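Colleague: Sharing a structure with you now.
The values are calculated or read from the model by the stated rules, or taken from the named source; none is laboratory data. All of these numbers come straight from a predicted model, not from anything done at the bench. With ideal geometry, Cβ positions are generated from the backbone for all residues, glycine too; neighbour counts draw on all protein chains shown.
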Ligand SMILES: [Cu+2]
Ligand SMILES: [Cu+2]
């Protein structure tokens, strides 16, 4: 319990951290939407402060001023009219005018948020329990969202299982990932740096750990990053590739490598074990077994576990599966 | 409104009963409660059940807040957190707030305010309560089997695929829907048919107007959630394919169905609160309510407009821009009558003679928190700003300011206002004021920091969070425990008052609505002779005089 408490306050280095903001309330602004959203938010904020303080001010003034002395005196309120047309029209029309203005401004901003420019860098985002995967135009798949600064980017969003929602506070935008249809959002980043990406729609156990990083590159940096990562993946030893897949493809959320049981069994010491399945049959963990577990997990459900592993059929190349096998072998 | 000149003080006195026993003592034995047809006993059973559910929902809330004191796992696991979050929401919405004011307070007070002997259909009323108990048992079944972890919104496809006991929870909500519909039908008929001679529509107390508007929404909207939950259950069992994209269904359709009920349900929860606050502010300001007709009719208008805004929960769901725009515009329209109500209540205090007893403290607390709840609603109906704030703690804070701050504060006000009528005894006023202040402080300390969390991008329904959010979460947790202490204190003095409280007068606050012309606690048949009404509901404070002897008001002969 105590160790838990201590562990939980230690900051995990892999978690993204919002850069300090220059705005009192809003997080750092790093897209072209921020000026509109923050401006309107600030306007609403000050309008609310003025409105609330006026109501509270009048109310407390009345409470103090017209406080009854005691019950015994049986005082009653003054015989003033309980109706005043001029006053009532005023306090209906003024809020109405404000509402119309706010609505129109919010509408304009929303149309802008929802209408992606035709010429944009297109990146596919896939939500799955509990991981975001971003597929770049050249086919590279990554768990981080890398984009160039000052360029329009359109993200086409999909989900493979339940609802998720791609939320990037620094860009002031979010959009649900809905299984069975495409949704999209777009933005134009204005600052380079690293920003957190959240899942904002509840999706089960590790919803709150479905956090990714958005990296905005300086001009030229995006292409350089892409070249570098592609080259690195090509030349990576299988074990490292396997570890990368483990981190990137969501295996990590369900399988530990230290012996602890998460949603699925740990991979530590898995190689060579004899496995018993829910239907009573059994098999030894070898290359074929692992390959089959990845492509068709329902065919061999390990005893004592729920059949909750999604299939990765078609999502992992042979090279990547070989990497995973080597990685599992290495976990003695 | 009706001129006060025609009122004679004796019109405001207690209507004598035939010396029969009061309703609490009229029959004895547990069966005389479980199968009673008396609206007061049914109301009291509802009250006890709702308060017990409130304690359960509150327990889950504290578990959630305690876990969030530190980021990362501390007290409970991911899954337990998700279950606590789901049950907190489901219990508070379906078992506490929806039945809280109408079925518990309203059941007792509505017939009394109408000078009636009971509601129109006493048997149906009993059945509503029995269904409520059955629905609650299903919730508990889900809790015991493997508590649902879908969130109270039951969004598909999560709810159709999670291994937890979703079906008992959804079926429980389905049954509770019937309970709610029956209460609604009963109240509508009661208001139409059982008004006493002379009580025209514009002589109805505002609490009656509020219950009436609420009942209309209950009857019209609740069947939709019933069908939706049934479809969800069928989908889960046989894979029907209405919502499941793998079978050609559409998960967003579920959201449309769900909010088609659940937005109006917001008004099922808050409109009765408007009614309670209207009563309290008039009586404790000793002055007729400002803008009676507006308050009465705007409740109806809000109730009807409330059917046309459900899509404002879905600005980021992929719904079309045009649909979003229409929903946003209508949402702004509703904001205006709501704002005007606040102006009316404050104006009622102008040149009144204000007494700050516990019910009034809660009414003032209501005005405070509801103003914040309403204003932050404007942020969320503004589409571009909502895209950032949607599904963050800003929304959590907003609806807690409205539901907890609005509905529960007003429920507490009503509970303290009518408690002497229900039980026939007074509670300890000093402790009650301390309780009200603790609740008020706790509420603001819990939920205000959540606006900042949400603005900074903290998503809702998070078990874990980035360290940068920690301080605001800790503040919020401290507030939640303050609230907890406030409610425990309230429970203590209320329970104590049942046995030890001093006897309450028939009219301790000087109200002019009919329930105060009935003994405290009311006799079994409420009014031996049906009263005749020749005045508005808030006419005649000047004809009442405080009698120190009985600690209550009597006609000033
Ligand atoms: Cu999620
Ligand atoms: Cu709504």
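Colleague: For the range B:199-206, state whether one or more residues are buried (at least 17 other Cβ atoms within 10 Å of the Cβ), more than 16 Å from ligand 2 (Cβ to nearest atom) and within 19 Å of the chain's Cα centre (by Cα).
Modeller: Checking the range B:199-206: at least one residue is buried (at least 17 other Cβ atoms within 10 Å of the Cβ), more than 16 Å from ligand 2 (Cβ to nearest atom) and within 19 Å of the chain's Cα centre (by Cα).
Colleague: Sort out for me the helices (runs of 4 or more DSSP H) sitting completely within the range B:57-172 that have 2 or more residues that are over 23 Å from the mean Cα position of the chain (by Cα).
Modeller: Answer list for the range B:57-172: B:78-90, B:122-146, B:158-161.
Colleague: State the number of residues belonging to the range B:289-336 that are within 16 Å of ligand 2 (Cβ to nearest atom), outside any helix (DSSP H, G or I) and free of Cβ contacts under 8 Å to residues at least 12 places away in the same chain.
Modeller: So the answer is 0.
Colleague: Say we look at the range A:187-196 and pick out the residues that are within 12 Å of chain B (Cβ to nearest Cβ) and under 16 Å from residue A:149 (Cβ atoms); which of these is nearest to the chain's Cα centre (by Cα)?
Modeller: A:195
Colleague: Quick check on residue B:52: is it surrounded by fewer than 16 Cβ atoms within 10 Å (Cβ to Cβ), under 18 Å from the mean Cα position of the chain (by Cα) and outside any loop (DSSP other than H, G, I, E, B)?
Modeller: Criteria met by residue B:52.
Colleague: Considering every residue within the range B:419-442, establish whether at least one is modelled with pLDDT of 95 or more, over 30 Å from residue B:515 (Cβ atoms), surrounded by 24 or more Cβ atoms within 10 Å (Cβ to Cβ) and away from chain A (no Cβ under 11 Å).
Modeller: There is no residue in the range B:419-442 that is modelled with pLDDT of 95 or more, over 30 Å from residue B:515 (Cβ atoms), surrounded by 24 or more Cβ atoms within 10 Å (Cβ to Cβ) and away from chain A (no Cβ under 11 Å).
Colleague: Do you know which residues across the range A:284-310 are touching a helix residue (DSSP H, G or I) at 6+ places or on another chain (Cβ under 8 Å), modelled with pLDDT of 90 or more and either loosely packed, with under 15 Cβ neighbours inside 10 Å or on the phi > 0 side of the Ramachandran plot (or both)?
Modeller: A:287, A:292
Colleague: Looking at (1) more than 11 Å from every other protein chain (Cβ to nearest Cβ); (2) more than 24 Å from residue A:317 (Cα to Cα); (3) modelled with pLDDT of 95 or more, find the lone condition where residue A:145 falls short.
Modeller: Single failed check for residue A:145: (2).
Colleague: Here is a list of conditions, (1) more than 7 Å from chain B (Cβ to nearest Cβ); (2) in contact (Cβ under 8 Å) with a residue 40 or more places away in the chain, and residue A:57 meets all of them except one; can you say which number that is?
Modeller: Single failed check for residue A:57: (2).
Colleague: May I pose another question? Any idea how many residues of the range A:166-191 are outside any strand (DSSP E or B) and within 20 Å of residue B:459 (Cβ to Cβ)?
Modeller: Going through the range A:166-191 one residue at a time, the tally reaches 5.
Conditions tested, residue by residue: (1) surrounded by 20 or more Cβ atoms within 10 Å (Cβ to Cβ); (2) away from chain A (no Cβ under 14 Å); (3) assigned to a loop (DSSP other than H, G, I, E, B).
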residue: B:512; (1), (2), (3): yes, no, yes
residue: B:525; (1), (2), (3): no, yes, yes
residue: B:528; (1), (2), (3): no, yes, yes
residue: B:532; (1), (2), (3): no, yes, yes
residue: B:538; (1), (2), (3): yes, no, yes
residue: B:550; (1), (2), (3): no, no, yes
residue: B:553; (1), (2), (3): yes, no, no
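Colleague: If I ask for residues that are farther than 26 Å from residue A:194 by Cβ, in contact with a helix residue (DSSP H, G or I) (Cβ under 9 Å, 6 or more places away or on another chain) and not in a helix (DSSP H, G or I), which ones from the range A:212-256 would you list?
Modeller: Result: A:237, A:255.
Colleague: What's the number of the only condition in (1) assigned by TED's automatic domain parsing to the domain that holds residue A:126; (2) in contact (Cβ under 8 Å) with a residue 12 or more places away in the chain; (3) assigned to a helix (DSSP H, G or I) that residue A:205 fails to meet?
Modeller: In the conditions (1) assigned by TED's automatic domain parsing to the domain that holds residue A:126; (2) in contact (Cβ under 8 Å) with a residue 12 or more places away in the chain; (3) assigned to a helix (DSSP H, G or I), residue A:205 misses (3) alone.
Colleague: When you look at residue B:45, is it in contact with a helix residue (DSSP H, G or I) (Cβ under 7 Å, 6 or more places away or on another chain), assigned to a helix (DSSP H, G or I) and within 14 Å of another protein chain (Cβ to nearest Cβ), yes or no?
Modeller: Taking the combined requirement at face value, the residue does not satisfy it.
Matching residues to (1) under 24 Å from residue B:399 (Cα atoms); (2) more than 16 Å from the chain's Cα centre (by Cα):
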residue: B:227; (1), (2): no, yes
residue: B:234; (1), (2): no, yes
residue: B:242; (1), (2): no, yes
residue: B:257; (1), (2): yes, yes
residue: B:260; (1), (2): yes, yes
residue: B:263; (1), (2): yes, no
residue: B:281; (1), (2): yes, yes
residue: B:285; (1), (2): no, yes
residue: B:293; (1), (2): no, yes
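Colleague: If you don't mind, another one. Please tell me if residue B:220 is part of a helix (DSSP H, G or I), free of Cβ contacts under 8 Å to residues at least 60 places away in the same chain and surrounded by fewer than 23 Cβ atoms within 10 Å (Cβ to Cβ).
Modeller: So residue B:220 does not fit the description; no.
Colleague: Only one of (1) within 16 Å of ligand 1 (Cβ to nearest atom); (2) more than 14 Å from every other protein chain (Cβ to nearest Cβ) is not met by residue A:199, so which one is it?
Modeller: (2)
Colleague: So, of the residues in the range A:148-166 that are away from chain B (no Cβ under 14 Å) and surrounded by 19 or more Cβ atoms within 10 Å (Cβ to Cβ), which turns out to be nearest to ligand 2 (Cβ to nearest atom)?
Modeller: A:153
Colleague: Which condition does residue A:236 not pass, out of (1) within 14 Å of chain B (Cβ to nearest Cβ); (2) surrounded by 14 or more Cβ atoms within 10 Å (Cβ to Cβ); (3) modelled with pLDDT under 90; (4) away from ligand 1 (no atom under 16 Å from the Cβ), if it passes all the others?
Modeller: Residue A:236 satisfies every listed condition except (1).
Colleague: Let me ask something additional. Since residue B:479 meets every condition but one in (1) surrounded by fewer than 24 Cβ atoms within 10 Å (Cβ to Cβ); (2) away from chain A (no Cβ under 14 Å); (3) in contact (Cβ under 8 Å) with a residue 40 or more places away in the chain, which condition does it not meet?
Modeller: Result: residue B:479 fails condition (3) only.
Colleague: Scan the range A:173-186 for residues that are more than 12 Å from the chain's Cα centre (by Cα) and within 7 Å of chain B (Cβ to nearest Cβ) and jot them down.
Modeller: Of everything in the range A:173-186, those that are more than 12 Å from the chain's Cα centre (by Cα) and within 7 Å of chain B (Cβ to nearest Cβ) turn out to be A:178, A:179, A:180, A:181, A:183.
Colleague: What residue, of B:264, B:272, is buried (at least 24 other Cβ atoms within 10 Å of the Cβ) and either within 11 Å of ligand 2 (Cβ to nearest atom) or not in a helix (DSSP H, G or I) (or both)?
Modeller: Residue meeting the stated conditions: B:264.
Colleague: In this structure, does residue B:326 turn out to be more than 16 Å from ligand 1 (Cβ to nearest atom) and out of contact with any helix residue (DSSP H, G or I) (no Cβ under 7 Å at 6 or more places or on another chain)?
Modeller: yes
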